[in-house]
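Data block below; observations after.
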Amino acid sequence: MNTVPGARIESPMASLDQEKKAEALRALHFGEEPLLLVNVWDVASARMIEAAGFPAIATTSAGIAFAHGYPDGQKIPPEHMFAAVWQIANGVKAPVTADVEAGYGTTPESAMLTASSVINAGAVGMNFEDAEDDPVHPLADLSLQLERIRAIRETAARLNVPLVLNARTDVYLKQVGEPSKRYDEALRRLSAYRDAGADCVFISGLTNRDTISRFVADLRCPINILAVPGQASVAELNGLGVKRISLGSGPMRAGLGILSRIAEELKTSGTYSGLENAPSHLQINELMRSCESQ
């Protein structure tokens, strides 16, 4: 197992180590403090986050797509996405949860294939969204999405990995329908995802504290909130009952912003102050040497 980077194939029985990692990741959703996820896009960024003491690693699908030269939104070939997840999962000791967008297909069979590919890559968690690339129908049909979630659960059970499924709705992110009806629609979807087997539900694009609190009270399961500028702090979200906080593609985009500023400084003033806070070559080299021993 975990020998063919990115292969979308049925995986053999999981190793005991992978099963234990999945159980550890699930337990992190029920602690006194929320699970904090600084999403990564390659082995170097994953090792930086692991070295900083975070107990789990999450990938960013957008960040991985950008790093490979593709826009976000399931434009990257799935085999490239799974190859990146394989490299990350096999480059760290911490459990890895993989963002695989809407599963690279529209059928329960494609969801099964994606789940098996996530497990085959060595990950033990999976983000699965309901967004559609269709302005007329921006969200997947609910009954079909439930079939796909059940197919993911069945695949994980067959492969003996208690895959931690984070089911996301984009009702708020895509501003679907009238504002007054979004809460009820998101609640309807997330409740159904939870009942179909999702371990955690993800409400992207939501920053209103009162609305977050309502979801926590009504759903009574772990809730994932995306941290963006203007979002409530970790302490505030913890007080609201949020159990998972992720940064999405923000860290990767912030890094590109730093790169842009370094380039602009070099071009305009000919100075290099933007490099001052960079980790040393020795530090990064040692970080990569630790990967060799994984």
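The values are calculated or read from the model by the stated rules, or taken from the named source; none is laboratory data. For clarity, every value in this text was computed on a predicted model and none was experimentally measured. Using ideal geometry, Cβ is built from the backbone for each residue, glycine included, and neighbour counts are taken over all protein chains shown.
Things to note:
- Among the residues of region 176-201, those identified as under 22 Å from E101 (Cβ atoms) and under 21 Å from the mean Cα position of the chain (by Cα) are A186, R189, L190, A192, Y193, R194, A196, G197, A198, D199, C200, V201.
- The residue of region 225-238 that is surrounded by the fewest Cβ atoms within 10 Å (Cβ to Cβ), among those that are part of a helix (DSSP H, G or I) and in contact with a helix residue (DSSP H, G or I) (Cβ under 9 Å, 6 or more places away or on another chain), is E236.
- Top-ranked residue of region 9-56 - restricted to ones that are of a type in the set (D, E) and in a loop (DSSP other than H, G, I, E, B), ranked as modelled with the lowest pLDDT: E10
- Taken over region 26-46, residues that are aliphatic (A, V, I, L, M), buried (at least 21 other Cβ atoms within 10 Å of the Cβ) and closer than 14 Å to W86 by Cα amount to 2.
- Every residue from region 173-212 that is of a type in the set (A, V, I, L, M, F, W, C) and either more than 26 Å from I152 (Cα to Cα) or in a loop (DSSP other than H, G, I, E, B) (or both): L173, V176, A198, L206, I212
- Some residue of region 183-196 being under 25 Å from A24 (Cβ atoms), in contact with a Phe, Trp or Tyr (Cβ under 9 Å, 6 or more places away or on another chain) and either among the β-branched types (V, I, T) or surrounded by fewer than 22 Cβ atoms within 10 Å (Cβ to Cβ) (or both): no
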